[in-house]
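All remarks here apply to the structure that follows.
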Amino acid sequence: LLSKAADIGSEIHSYIHEHLKSELTGQETLTFALHAPSPAKQAFDAWLAWWKGSGLKPVRMEQTVWDVGLGYAGTIDLLAYDEAGRLGILDLKTGKGVYDDHHLQVTAYMKAARNFADVEWAKIICVPKSMTDTHFIVKDLGEMYDRQLTEEQLMTAWTGAVMAWKVLLAKEAA
């Protein structure tokens with residue numbers, strides 16, 4: 001079941017990537033045919049409806065960023081401009097919800113991305129992986145289910161997690 005869910009998540013990411021690539025290049029690149037109902041088609045359709053109404057314009061996909069000071073790197077799913085012309089990050093997740101660790105990850109992307117560009121906002125987008133799960137979720141960075149955290153609070157938590165991980169790795173190396 002986990003393998004099948006991972007495959008569906010990869011398929012959804014691929015469809016969204018292909019759609020955004022066609023927007024960036026101005027050329028039709030969609031090579032998949034989604035006719036029969038499937039979890040991937042349902043998720044892609046939900047994302048596409050949201051995307052068309054979002055007013056966002058894609059800038060770059062799969063952008064690697066890094067922070068030498070803290071010693072980490074990651075890949076941003078999408079950089080986009082909002083309707084006001086502000087640059088932001090969109091992180092795609094597949095599953096049942098947006099979890100606290102997703103916010104930590106995107107906060108780290110924000111910090112690393114600011115080494116290269118003026119990134120002002122971030123959103124975490126969760127698309128469903130199953131036909132029975134119709135919840136499409138969009139959360140602004142820091143917008144948790146039970147509280148709101150600032151980017152500064154999230155970065156403090158991220159930095160603490162990185163430091164803890166380094167201590168654990170140092171112990172294993174000893």
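Helix-only arithmetic for the chain: the sum of -39500 (n - 2.57) across DSSP H runs with n ≥ 4, divided by the residue total, places the mean residue ellipticity at 222 nm at -15000 deg cm²/dmol.
For the range 50-102, a/c is not less than 1.5, where a ≥ b ≥ c are the root eigenvalues of the C-alpha gyration tensor, and a/b does not top b/c. That puts it in the oblate class.
Computed packing ranks the peptides 98-105, 78-85 as 98-105, 78-85, most packed first, by mean other Cβ atoms within 10 Å. Size of the chain from its Cα atoms: along the principal axes, largest to smallest, the extents are 54, 41, 32 Å.
Summary of packing: across the peptides 39-47, 116-124, the per-residue average of other C-beta atoms within 10 Å ranks them, highest first, as 39-47, 116-124.
Split the accessible area of the chain by element, probe 1.4 Å, and carbon with sulfur accounts for 57%. By the rule of a C-alpha distance below 20 Å, with chain neighbours fewer than 8 residues away ignored, the lysines paired with K129 are K4, K41, K93, K96, K139. For the range 82-147, the per residue solvent-accessible surface stands at 47 Å², with DNA, RNA and ligands left out and a 1.4 Å probe.
Relative to the Cα centre, the charge distribution of the chain, modelled as +1 at Lys and Arg Cβ and -1 at Asp and Glu Cβ, gives a dipole magnitude of about 200 debye. Translational diffusion of the range 62-139 was estimated from the Stokes-Einstein equation, with Rh taken as the Kirkwood radius over Cα pairs; at 4 °C and 1.567 mPa s the coefficient is 98 µm²/s.
The values are calculated or read from the model by the stated rules, or taken from the named source; none is laboratory data. Predicted model, so just to flag it, every value in this text is computed and none were measured. Positions of Cβ are backbone-derived with ideal geometry, glycine not excepted, and every protein chain shown enters the neighbour counts. Each accessible area value is taken on the protein alone, full model and side chains, heavy atoms only, with ligands, DNA and RNA left out. Shrake-Rupley method; radii C 1.70, N 1.55, O 1.52, S 1.80 Å.
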